[in-house]
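First comes the structure, then the notes that go with it.
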Amino acid sequence: MRIGLLTSGGDCPGLNAVIRSAVLHGIKSFSDEFVGFRGGWRGLIEGDYIELSRQDVRGLARVGGTILGTSRTHPYNHPGGGPEKIAAQLKRHGIDAVIAIGGEGTLAGARRLAEDGIPVVGVPKTIDNDLRGTDYTFGFDTAISIATDAMDRLRTTGESHHRAMVAEVMGRHVGWIALHSGMAAGAHAILIPEQRITIDQVCEWAEQVHSRGRSPLIVVAEGFIPEGYDAAMAGKGQEDDGRPRLGGIGEWVTHQIEARTGIETRNTTLGHIQRGGNPTGYDRVLATRFGIKALDLVHEEAWGHMAALLGTEIATVNLAEALDGLKSVPPERYAEAQILFGR
Ligand code: F6P
C-alpha cells in the first residue's frame, strides 16, 4: 500500500516516534510505501508531501516536534477541502490510506472524512490527556516531567525568599497536567477547571503553609475559573478557530494572594516549554506502539478507528467513542490530591 501520514493541531513530543514506527513496520512487514503530508490537513488538501523512506525516519523516536510540520487547518473548511476533493487528491497521487495523528479537532475531522468514504485511521495525541477512549496520550508524560522539574526549581528559590510561588500550566479545559505535576512536586494547592475553588480558600491554604515557615507552591491550570467568577480571567480573545485563548490566570491568582495575604508572591507561566524538547522514555514507547497499531488498522481497513491505550494493552477504538466529550479529572482524583493541600 501507499500510505500518507499527517500531524495536525498543536505539536507534542512523540509525534515523530509514531511516524517512525508506522513507516518501519509498513516497510518491514508489508513492503508499504509512505508519504508525509506537510502542515497537517493542508498538505493533504494541497498535495504538498514528501516521500518517507526508511532513512528519513532513522533515529526519530527521540526527537521532539514533528518532521512534517503541523497546522490547525480544517479538512472541510480550508479552500480545496472536503471529501470529494481529498479523494481526488489521494487518487491523483496514488495514496491508498491516511494516518492522521492529532488531538480532538484532528480526530473529529478524520471521523467525518471516514464517514464520507475517505480511508483514514487516527492516532490520538495531546499533552492535555483530555481524550476519551484512551487512558493516556503520548506527550502527557513529557509535559508532566517538564512541569515537575520546573516546580522543583520554583520551590528552591521560593523557600530561599520565603515567598509564595504560583505555577501556571497548560491543559486547556481539563486539569490533568496540573493534577499530576502538582502532585509530583508536592504542591500545597492545585487549581483545575473541573473544581470551582474560591480565592479565599486558596489564600487560606497559602497562609497555612507560610505560617509554618514553608514557601507555598500553588499550581494553577490555564483553564481554572475561581468560584464566583464566570469566565477565564485573562480575556485573551480567541484563536483563529474560535476557541478561547487561555493563559493568564496565574498572574491573577498571584496578585490576589499577595493583595489579600501580604505574602510576597511570584508567578511563572510555563507555556510552550511544556510541549517542547524530546519525549520521555514512556512517551517514546507509547507513541511507538500507537504507530505500529495504526499501521495494522490500515491493513485491516478499520477506517474511522484509532489506536488507544486501555490499561497496558493497545486497543482499537471507534473515533466516535473517543470524541464523546472531554476526559476530565474525576472528583475523587481531586479529593485525593486535596488531602495534602494547605496545612
Ligand atoms: O492542546 C495543547 C495545548 O498546548 C494546550 O494545553 C494549550 O491551551 C494550547 O495547546 C496552546 O495552543 P497554541 O500552541 O496554539 O498556543
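Values quoted throughout were computed directly from the atomic coordinates according to the rules given, and no laboratory measurement underlies them. Just so you know, these numbers come straight off a predicted model, no measurement behind them. Ideal geometry is used to build each Cβ from the backbone, glycine not excepted, and the neighbour counts take in all protein chains shown.
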### Query
Across 10 Å bins from 0, what is the distribution of all Cα-Cα pair distances for the chain, in whole percents?
6, 26, 30, 20, 12, 5, 1
### Calculated FRET value between Ala88 and Glu332, using beta carbons and R₀ = 51 Å, to 0.05
0.50
### Query
For region 30-106, what class follows from the C-alpha gyration tensor (a ≥ b ≥ c being the square roots of its eigenvalues): rounded when a/c is under 1.5, otherwise prolate if a/b is larger than b/c, else oblate?
oblate
### Query
What's the percent breakdown of Cα-Cα distances in region 146-278 across 10 Å bins, shortest bin first?
14, 47, 32, 7, 1
### Summary
Under 5 Å from the placed amide H of Phe34, counting only residues 5+ away or on other chains, we find Ile3, Leu52
### Message
Lysine pairs in the chain with Cα distance under 28 Å, only those 8 or more apart or on different chains: how many are there?
### Response
12
